[in-house]
Amino acid sequence: MTHLPGTSIHLIADLEGGTGYDDPALVEAALRQAAAAARARVLGVHVHGFGDGMGVTGVALLAESHISIHTWPEHGVAAVDLFVCGRDVDAEAGLAAMVALFGAGVTSQHEIARLAR
């Protein structure tokens, strides 16, 4: 895989509202659906739940980089990070898939161009 300068995007977003932030299986599904929506290839997924009613941390390792999420169900929020490389990968579509699955709203969103020359 060759990196093409100017094709790497790091999208960082905070989610609020929604449900399922304490469900490791749902968080894994969100990571996989986000990758599919972004047209990224999943190499592996690791999810860790911190106990009943507590938060979940998960990461999808992608051929194009990664997607991660950290949740705080007690506050109804999640922090999402989508770092993708390549012309055909769409971080915005990945974020939209996660927002839809959790039924959440985006309270903050920042896009950073990475590895640009």
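The values are calculated or read from the model by the stated rules, or taken from the named source; none is laboratory data. Since the structure is predicted, the reported quantities are computational estimates derived from the model, not experimental observations. Using ideal geometry, Cβ is built from the backbone for each residue, glycine included, and neighbour counts are taken over all protein chains shown.
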Task: In the stretch 90-106, residue surrounded by the most Cβ atoms within 10 Å (Cβ to Cβ) [restricted to those that are over 18 Å from His10 (Cβ atoms) and in contact with a strand residue (DSSP E or B) (Cβ under 6 Å, 6 or more places away or on another chain)] - done: Ala104
Task: Lone unmet requirement of (1) in contact (Cβ under 8 Å) with a residue 12 or more places away in the chain; (2) under 24 Å from Thr19 (Cβ atoms); (3) of a type in the set (Gly, Ala, Ser) for Ala100 - done: (1)
Task: Cβ-Cβ under 8 Å pairs, at least 6 apart or on other chains, the stretch 9-21 side of a type in the set (Ser, Thr, Tyr), far side at pLDDT 95 or above and part of a strand (DSSP E or B) - done: Tyr21/Val56; Tyr21/Thr71; Tyr21/Trp72; Tyr21/Val77; Tyr21/Ala78
- [ ] Evaluate the stretch 7-17: report whether one residue or more is outside any strand (DSSP E or B) and at pLDDT 95 or above.
- [x] yes
